[in-house]
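The values are calculated or read from the model by the stated rules, or taken from the named source; none is laboratory data. As the structure is a prediction and not an experimental result, all values here were calculated from the model. Note: ideal-geometry Cβ built from the backbone for every residue, glycine included; neighbour counts use all protein chains shown. Note: areas computed on protein heavy atoms with side chains; ligands, DNA, RNA excluded. Shrake-Rupley method; radii C 1.70, N 1.55, O 1.52, S 1.80 Å.
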Amino acid sequence: PTHAHGGPHPAHAAHAGGVPPFSERPFPVVRLRGLPYDATENDVAAFFQGLDVVDVVMLWRGQRLTGEAFVLLPNTVQADFALQRSRQNMGRRYIEVFSAKKQDYYAACQAALALSRGEVVGAGGAGANAGDDAQAGGVRA
């Protein structure tokens, strides 16, 4: 197929050049575990001082924080640096940082939006790999 400007369609040209399809590219998101239950999005961003945190989505179970969160970074290089913060402390808590999947981050975002609207989110609201019946949310005023 050719693009309107002539030549191969950009999507086909990119794939032919060895670049993976967009859906297969690494997604710069990490998952945190072990957060203090009173931690805020700002606390999580401060934990990654020196990195450019794009988004923080706290995970909830009912009305309580689970001590887990997803953190979106601007690129995979920064996500790799974020992984190096694993086993550092936030206050007295030992924080673990893991690689995460795009679909789990998106599920957490969807659950956060539902909670912000006052909707009840069912079990597994933060994605299949989010653990237990974790629900996402956490946009605090």
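Can you find a residue in the range 37-50 that is closer than 30 Å to residue 119 by Cα, open to solvent by 60 Å² or more (accessible area, probe 1.4 Å), of a type in the set (Phe, Trp, Tyr) and not in a strand (DSSP E or B)? Within the range 37-50 (the criterion being closer than 30 Å to residue 119 by Cα, open to solvent by 60 Å² or more (accessible area, probe 1.4 Å), of a type in the set (Phe, Trp, Tyr) and not in a strand (DSSP E or B)), the answer is yes, since at least one residue qualifies.
When you scan the range 11-28, do you find a residue that is surrounded by 14 or more Cβ atoms within 10 Å (Cβ to Cβ) and at pLDDT 75 or above, even just one? Looking through the range 11-28, at least one residue is surrounded by 14 or more Cβ atoms within 10 Å (Cβ to Cβ) and at pLDDT 75 or above. Looking at the range 54-71, is at least one residue over 15 Å from residue 32 (Cβ atoms) and part of a helix (DSSP H, G or I)? For the range 54-71, residues over 15 Å from residue 32 (Cβ atoms) and part of a helix (DSSP H, G or I): absent. The number of residues in the range 21-65 that are within 15 Å of residue 91 (Cα to Cα) and among the β-branched types (Val, Ile, Thr) comes to 2.
Restricting to the range 51-66, name every residue that is in contact with a strand residue (DSSP E or B) (Cβ under 8 Å, 6 or more places away or on another chain) and either among the charged types (D, E, K, R) or surrounded by 14 or more Cβ atoms within 10 Å (Cβ to Cβ) (or both). Of everything in the range 51-66, those that are in contact with a strand residue (DSSP E or B) (Cβ under 8 Å, 6 or more places away or on another chain) and either among the charged types (D, E, K, R) or surrounded by 14 or more Cβ atoms within 10 Å (Cβ to Cβ) (or both) turn out to be 53, 54, 55, 56, 57, 58, 59, 60, 61, 65, 66.
Has the range 113-135 got at least one residue that is at pLDDT 95 or above and open to solvent by 40 Å² or more (accessible area, probe 1.4 Å)? So far as the range 113-135 goes, no, none of its residues is at pLDDT 95 or above and open to solvent by 40 Å² or more (accessible area, probe 1.4 Å).
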